[in-house]
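Any read-out appearing in this document is the output of simple, stated calculations on the displayed coordinates, not a laboratory observation. This is a predicted model, so every value here is computed, not measured. All Cβ positions, even for glycine, are placed from backbone atoms using ideal geometry, and neighbour counts span all protein chains on display.
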Amino acid sequence: MIKLKQIIHDAITNSVEATWVDRTIAPDTVVPEELLPDTTADEGNITLGKVIPAHIVPGAVTEVQVKCHSYSDRQMQLLRDHAAIAGTPLTDYEALIALVESNIQPIPPPTAEQVAEEARQVALEDAKTAAKADNVVRYLRDHTPAEVEAYVQTNVTDLASARQMMKKFAVVLCVLSKQNFR
């Protein structure tokens, strides 16, 4: 039978750790009455044997840990869900869960540096996506240097086509430098 063995509260992090065990109880053993034999002392005195009355030896209890999970203060519903799946009630721990939920602190807003970094990452991903969609960029990516050289030799025939090719090279260099030189 799976049993919720304990829930430990860490007040510093406002989190809990729950441990479930599979508990097995062996059957009790009935020990019948026993008469110990008489004994004779060195002087020849006889001591009558003792009678050990019948008794019951309780079965051994074994517990095997089946799950141990740490839950942050925002994961109390997950704890309830896990307890429901295991079929273990949380009635003894509802006050502790309520205490943890009452001490949830708001998530601090991101700093200006974090916002700027996230915007930079989004811009880099947008630039990569746009570059990958371009036919010339895909050709540069998928062919050997010799093939790219032949491609440029064939397709750059005047100033206008040279400008177009330079634009493509500039886009690729921009994306690569943002990705690799930060």
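Which helices of the chain meet both criteria: a Cα extent of 24 Å or more along the helical axis and a mean Kyte-Doolittle score no lower than -1.0, with helices taken as whole DSSP H segments?
Long hydrophobic helices here: 112-133, 159-180.
Report the Cα centroid-to-centroid distance between the range 110-132 and the range 156-179 in angstrom, as an integer.
So the two Cα centres are separated by 22 Å.
Report, ordered by chain and residue number, the aspartates and glutamates lying within cross-link reach of residue 128, taken as a straight Cα distance under 16 Å and ignoring same-chain residues fewer than 8 apart.
Filter leaves 118, 142.
Could you compute the net charge surrounding residue 147? Neighbours are other residues with a C-beta less than 15 Å from the C-beta of residue 147; K and R count +1, D and E count -1.
After counting each charged neighbour, the total is 0.
Compute a Gaussian network model of the chain, connecting alpha carbons closer than 10 Å, and tell me which residue from 48, 140, 78 fluctuates the most.
Of 48, 140, 78, the Gaussian network model singles out 48 as fluctuating most.
When the helices in the chain are scored as -39500 (n - 2.57) per DSSP H run of 4 or longer and the sum is shared across all residues, what 222 nm value do you end up with, to the nearest 500 deg cm²/dmol?
Rounded to the nearest 500, it is -14500 deg cm²/dmol.
Students often forget the sequence filter, so: which lysines lie under 29 Å Cα-Cα from residue 5 once same-chain residues fewer than 8 apart are removed?
67
Enumerate the calculated ³J(HN,Hα) couplings along the range 4-14 in order (Karplus 6.51 cos²θ - 1.76 cosθ + 1.60, θ = phi - 60°), each rounded to whole Hz, writing x wherever the residue is Gly or Pro.
So the Karplus estimates, Gly and Pro as x, are 7, 6, 6, 10, 10, 9, 9, 5, 5, 9, 6 Hz.
For Rg and Dmax of the Cα atoms in Å, one of (1) 38.3, 131; (2) 18.1, 56; (3) 16.6, 55 was computed from the structure I shared and the rest are decoys. Which label?
(1)
Name the GluC sites (Glu not before Pro) in the range 7-42 that are in a loop by DSSP and that have at most 15 other C-beta atoms within 10 Å, would you?
33
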